[in-house]
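Visitor: Sharing a structure below in structure tokens format, with a few things to ask.
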Amino acid sequence: MAKRQFKAESKRLIDLMINSIYSKKEVFLRELLSNASDAIDKIYYKALTDENIEFNKDDYYIKISVDKEKRLLKVADTGIGMTKEELDKNLGVIARSGSYSFKMENEIEEGHEIIGQFGIGFYSAFMVADEVTVISKAFGSEQSHRWKSKGADGYSIDEFDKQEVGTEVILKIKENTEEENYDEFLEEYHLRSIVKRYSDYIRYPIKMDITTKKLKEGSEDEFEDLVEEQILNSMVPIWRRNKNELKEEDYENFYAEKRYGYDKPIKYIHVSADGLVSYNAILYIPEKIPFDYYTKEYEKGLELYSNGVLIMNKCPDLLPDYFSFVKGMVDSEDLSLNISREMLQSNRQVKLIAKNIKNKIRSELLNLLKNDREKYEIFYKSFGRQLKFGIYNEFGLNREDLQDLLMFYSSIEKKMVTLDEYISRMKEDQKYIYYASGESIEKIDKLPQIELISDKGYEILYLTDDVDEFAIGIMMNYKEKEFKSVSDSNLELADKEEEDEEDKSSKDLFKFMKDTLGEKVVDVRLSKRLKTHPVCLSSEGAVSIEMEKVLNNMPTDQSIVAKKVLEINRNHDVYKALKEAYEKDKDKLKSYTNLLYNQALLIEGLSIEDPLEFSNEICKLMI
Ligand code: ADP
């Protein structure tokens, strides 16, 4: 029997995990019980839906047993079991993809509990055990196998004789150390309290032989051991329990037990609906972004139960994409056990439930925004981007559902504000909702374009996310107030001036400058927005300068260019210098024009075509 090696990265991960991931060692039991329960879910569903399998409810249970002398703790289940290949695949590789491990090390430094995302809950057994043995017989298989490992060294698999379908996980519990008491994981009362704490709601009985002392027959002072099999868990699933009986901690335990996430959820929502369709649901808004959330691999969905039997792990039809971060489950009596994936999509009940759930999530998020701003902002930091994608996708179909959940940084409040708050503060003469986009708040703060609007006392929303301008572009307005970019070439400030003498006299100068720049700009003109800066760029038409940056960062061939306008500040000495050069030295004017254009590009965070030439031109000015 050859010893197999764990994948290289797995070795380090085992060490890392054992030493730093789980805050409490006792959670290994929760992990093993969750696995056992999942395995029973699978076979239970099969038995209920396949006429050829005999069904007897009592056949499905988990049993914990202890052998104190040999320091063995066993968790046995009557679940679906694993074949040799499955033992190898499921328990042999921790992080199933190398890229996960990278992310994982980063997360560990931040001290997050994220193990479950990597499918390695099983390995937590090594926190308390020197050696782990898994004996398993898969449903529909004649053979059974034994997997054995002492941790990071590797593992072996051989044939083994197990009669019943199911899995036994046997831990050889570590010896006590000065810091750590491992003996307690062999104590019945302690194990029982761990089960109660973390796994009470598992829907199959978790049995254990409990030893009690009993007076010996016919004796008054002699006791004997009485061994009784007891069921440790209440088995009433949390979603069937009365909300009043449940504490926040219960919901948090359920979240962890179900491995919805390894953070602490920001909010839980417990729905018990009796109406056109009856169902119970427990939904969670996570705090942290799952590591694969903004990738294609991420699968949205809720667990779907039919009258207590799990029929689907991730039912995508229950959640709209823009709420894809929501975790949780739905149980309904009105669904058939045999419902297929295709049928679910068109199922009237599922549609109704999905609609209710969507509204519920929305209203709970609005509540959070109203009543616990701090928490809402934490949520928004993680998932606000998804809400904005939600507005942009499907041509703005869902904007009504989402727009009141949006927040942007405000130039005046210096914090995140909602659109409604912005509107309520708008000045009497203010026509638009102004926004400025850029990579960061600091960079936007420095944009010349925001000066005049700020001076007028108008609030500006700072858009720092790639998706922001696209979302706002789709919305066009909020409560009948139009959005306007501070870089829009046509700002229409309230006291817009008529074309004056200066405008007229600068015409030839600007025509010359425009000709110098050619296709790079659509126009050169006097600025109506600059106050202290000499120059800036604005844009005309649908594509803004920020959008140009975002679109050109995408992996497509076509390059999309904003129609740029070079704006010159009439009150700046640079303008005088331009006029003078126009009269006296056209070559100089050409050089100034290029310089100013390049400066404006840099201010916008765009790259300049020829940095060397730019540098040379500047040097020429000095010598
Ligand atoms: P996760 O459960 O998060 O995927 P684990 O490391 O706990 O990660 O388990 C890996 C896989 O091993 C599980 O997804 C499951 O397929 C299988 N497995 C673990 N324990 C059992 C069990 N008791 N019965 C059947 N399969 C199991």
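Visitor: Looking at the structure I just gave you, is TYR204 open to solvent by less than 50 Å² (accessible area, probe 1.4 Å), part of a loop (DSSP other than H, G, I, E, B) and modelled with pLDDT of 90 or more?
Guide: Yes; evaluated as a whole, the condition is true for this residue.
Visitor: In addition: Find the helices (runs of 4 or more DSSP H) located wholly in the stretch 561-623 whose residues include 2 or more that are polar (S, T, N, Q) and open to solvent by less than 60 Å² (accessible area, probe 1.4 Å), and list them.
Guide: Result: 586-604.
Visitor: Does TYR392 qualify as being open to solvent by 50 Å² or more (accessible area, probe 1.4 Å) and closer than 17 Å to MET475 by Cα? Steps first, please.
Guide: Details: open to solvent by 50 Å² or more (accessible area, probe 1.4 Å): yes; closer than 17 Å to MET475 by Cα: yes.
For TYR392, the condition - open to solvent by 50 Å² or more (accessible area, probe 1.4 Å) and closer than 17 Å to MET475 by Cα - is met.
Visitor: Have a look at ASN359, ASN371 and point out the one that is in the same structural domain as ILE266 (by TED's automatic domain parsing), open to solvent by 60 Å² or more (accessible area, probe 1.4 Å) and more than 24 Å from LYS300 (Cα to Cα).
Guide: On the way: ASN359 fails: more than 24 Å from LYS300 (Cα to Cα).
Only one candidate qualifies: ASN371.
Visitor: Shifting gears a bit: For the stretch 306-316, does any single residue satisfy the condition of being closer than 19 Å to ILE361 by Cα, in contact with a helix residue (DSSP H, G or I) (Cβ under 9 Å, 6 or more places away or on another chain), modelled with pLDDT under 95 and open to solvent by 50 Å² or more (accessible area, probe 1.4 Å)?
Guide: Scanning the stretch 306-316 turns up no residue that is closer than 19 Å to ILE361 by Cα, in contact with a helix residue (DSSP H, G or I) (Cβ under 9 Å, 6 or more places away or on another chain), modelled with pLDDT under 95 and open to solvent by 50 Å² or more (accessible area, probe 1.4 Å).
Visitor: If I ask for residues that are crowded, with 21+ Cβ neighbours inside 10 Å and near the ligand (Cβ under 7 Å from one of its atoms), which ones from the stretch 36-49 would you list?
Guide: Within the stretch 36-49, ALA36, ALA39 qualify.
Visitor: Is it the case that the stretch 415-434 has a residue that's modelled with pLDDT under 95, under 25 Å from ILE289 (Cβ atoms), outside the structural domain of GLY261 (by TED's automatic domain parsing) and open to solvent by less than 40 Å² (accessible area, probe 1.4 Å)?
Guide: No: zero hits.
Visitor: What are the residues in the stretch 192-211 that are in contact with a strand residue (DSSP E or B) (Cβ under 6 Å, 6 or more places away or on another chain) and aliphatic (A, V, I, L, M), if any?
Guide: VAL195, ILE206, MET208, ILE210
Visitor: Every residue in the stretch 50-73 that is part of a strand (DSSP E or B) and either within 16 Å of the ligand (Cβ to nearest atom) or surrounded by 15 or more Cβ atoms within 10 Å (Cβ to Cβ) (or both), please. Full working, then the answer.
Guide: Here is the first cut: in the stretch 50-73, the ones part of a strand (DSSP E or B) are 62-67, 72-73.
Those that are part of a strand (DSSP E or B) and either within 16 Å of the ligand (Cβ to nearest atom) or surrounded by 15 or more Cβ atoms within 10 Å (Cβ to Cβ) (or both): ILE62, LYS63, ILE64, SER65, VAL66, LEU72, LEU73.
Visitor: Going through the stretch 451-484 one residue at a time, which ones are more than 23 Å from LYS381 (Cα to Cα) and of a type in the set (S, T, N, Q)?
Guide: Scanning the stretch 451-484 gives SER454, ASN477.
Visitor: State all residues of the stretch 278-292 that are at pLDDT 90 or above and either more than 18 Å from TYR201 (Cβ to Cβ) or in a loop (DSSP other than H, G, I, E, B) (or both); if no residue qualifies, say none.
Guide: Answer for the stretch 278-292, where residues must be at pLDDT 90 or above and either more than 18 Å from TYR201 (Cβ to Cβ) or in a loop (DSSP other than H, G, I, E, B) (or both): SER278, ILE285, PRO286, GLU287, LYS288, ILE289.
Visitor: Would you point out the residue of the stretch 513-525, among those that are surrounded by fewer than 18 Cβ atoms within 10 Å (Cβ to Cβ) and not basic (Lys, Arg), that is farthest from the chain's Cα centre (by Cα)?
Guide: It comes out as ASP515.
Visitor: Turning to a different aspect of this structure: Please enumerate the residues belonging to the stretch 149-188 that are within 16 Å of the ligand (Cβ to nearest atom), touching a strand residue (DSSP E or B) at 6+ places or on another chain (Cβ under 6 Å) and open to solvent by less than 70 Å² (accessible area, probe 1.4 Å).
Guide: Across the stretch 149-188, the qualifying residues are SER149, TYR155, ILE157, LYS162, VAL165, GLY166, THR167, GLU168, VAL169, ILE170, LEU171.
Visitor: Hey, another quick one. Does LEU337 qualify as being more than 12 Å from the chain's Cα centre (by Cα), open to solvent by 20 Å² or more (accessible area, probe 1.4 Å), in contact (Cβ under 8 Å) with a residue 60 or more places away in the chain and within 23 Å of LYS42 (Cβ to Cβ)? Step through it out loud before you land on a result.
Guide: Details: more than 12 Å from the chain's Cα centre (by Cα): yes; open to solvent by 20 Å² or more (accessible area, probe 1.4 Å): yes; in contact (Cβ under 8 Å) with a residue 60 or more places away in the chain: yes; within 23 Å of LYS42 (Cβ to Cβ): yes.
Judged against the criteria, LEU337 is a match.
Visitor: Something else now. What pairs come out if I take residues in the stretch 309-334 that are under 19 Å from LEU352 (Cβ atoms) and pair them with residues that are of a type in the set (Lys, Arg) and at pLDDT 95 or above whose C-beta lies under 6 Å away, six or more apart or interchain?
Guide: Between residues of the stretch 309-334 that are under 19 Å from LEU352 (Cβ atoms) and residues that are of a type in the set (Lys, Arg) and at pLDDT 95 or above, the close pairs are PRO316/LYS300; LEU319/LYS300; PRO320/LYS358.
Visitor: Let me ask you something else. Kindly establish whether VAL543 is in a helix (DSSP H, G or I), closer than 30 Å to TYR392 by Cα and modelled with pLDDT under 90.
Guide: So VAL543 fails the test.
Visitor: Quick check on my filter: what residues within the stretch 222-272 are in a strand (DSSP E or B) and under 28 Å from SER363 (Cβ atoms)?
Guide: Listed by number, the residues that qualify are LYS267, TYR268, ILE269, HIS270, VAL271, SER272.
The values are calculated or read from the model by the stated rules, or taken from the named source; none is laboratory data. This is a predicted model, so every value here is computed, not measured. A quick note on method: Cβ atoms are made from the backbone with ideal geometry, for glycine too, and the neighbour counts reach across all protein chains shown. Quick note on the areas: whole protein, heavy atoms, side chains included, nothing else; ligands and nucleic acids left out. Shrake-Rupley method; radii C 1.70, N 1.55, O 1.52, S 1.80 Å.
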